[in-house]
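Below is one structure, written out as structure tokens; comments come after it.
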Amino acid sequence: MIEDYFARIEHSINDCPFVVHYECTKDKRSLHLGIIEGRVTFIDDSGLHFMEFIDVSKGIEKFKYSYHYETRSNSLVFRYDMAPHFKGVATFPHHKHEGNAVKESMAPSLRHVLSEIEEIIQSCQ
């Protein structure tokens, strides 16, 4: 059920030791379909904006997603998304932006994104 998935997303955020604040908006479209989006602030004032439009009826199918991580001064660190504008990427439409580079990437989980952010924050301490 979609509520269970929403709860797992919030649990992942709460488990991240560097989170100082987060806000989530949940839009339940049916028993298995929904949108969750939010903003997470970390101890270094960096932030993650995320959005997932998902169907959990047969596993987890993401119709659309974006995980946009930026510094406290709003400079992009990375963004995962599936906007269909990089047809040359082998994992099209999935890709990852790092600075000006676009890289191959499959759809990550929010837990994976939070782990990546944890590593970045730890390396700067």
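The values are calculated or read from the model by the stated rules, or taken from the named source; none is laboratory data. Keep in mind it's a predicted model, so treat the numbers as computed, not measured. With ideal geometry, Cβ positions are generated from the backbone for all residues, glycine too; neighbour counts draw on all protein chains shown. Ligands, DNA and RNA are excluded from the accessible area calculation, which covers all protein heavy atoms including side chains. Shrake-Rupley method; radii C 1.70, N 1.55, O 1.52, S 1.80 Å.
Within the set K28/K64; K64/K103; K26/K64; K26/K87, which residue pairs have Cα atoms separated by over 20 Å? Beyond 20 Å: K26/K87. Across the chain, the mean sequence separation of Cα contacts (distance under 8 Å, 6 or more residues apart), normalised by length, yields a relative contact order of 17 percent.
Most simply put, the chain has about 100% antiparallel DSSP beta bridges, counting only bridges with both residues inside it. Between the DSSP loop rule and a limit of at most 14 other Cβ atoms within 10 Å, which GluC sites (Glu not before Pro) in the stretch 17-79 are left? Of the GluC sites (Glu not before Pro), not one in the loops of the stretch 17-79 has a Cβ with at most 14 other Cβ atoms within 10 Å.
Heavy-atom accessible area per residue, the stretch 36-125, 1.4 Å probe: how many Å²?
Details: 4780 Å² over 90 residues.
Normalised by residue count, the accessible surface of the stretch 36-125 is 53 Å².
Per-atom-type breakdown for the stretch 83-125 gives carbon and sulfur 54% of the accessible area (1.4 Å probe, protein chains only). Close amide-amide hydrogen proximity is noted between H94 and no other residue 5 or more places distant or on a separate chain, at a cut-off under 5 Å (H modeled in the peptide plane; Pro and chain starts excluded). How about the stretch 19-125: which trypsin sites (Lys or Arg not before Pro) there lie in a loop by DSSP and see at most 12 other Cβ atoms within 10 Å? Sparse-neighbourhood loop trypsin sites (Lys or Arg not before Pro): R29, K58, R72, K87. Volume per residue of the convex hull around the Cα atoms, evaluated for the chain, comes out as 104 Å³.
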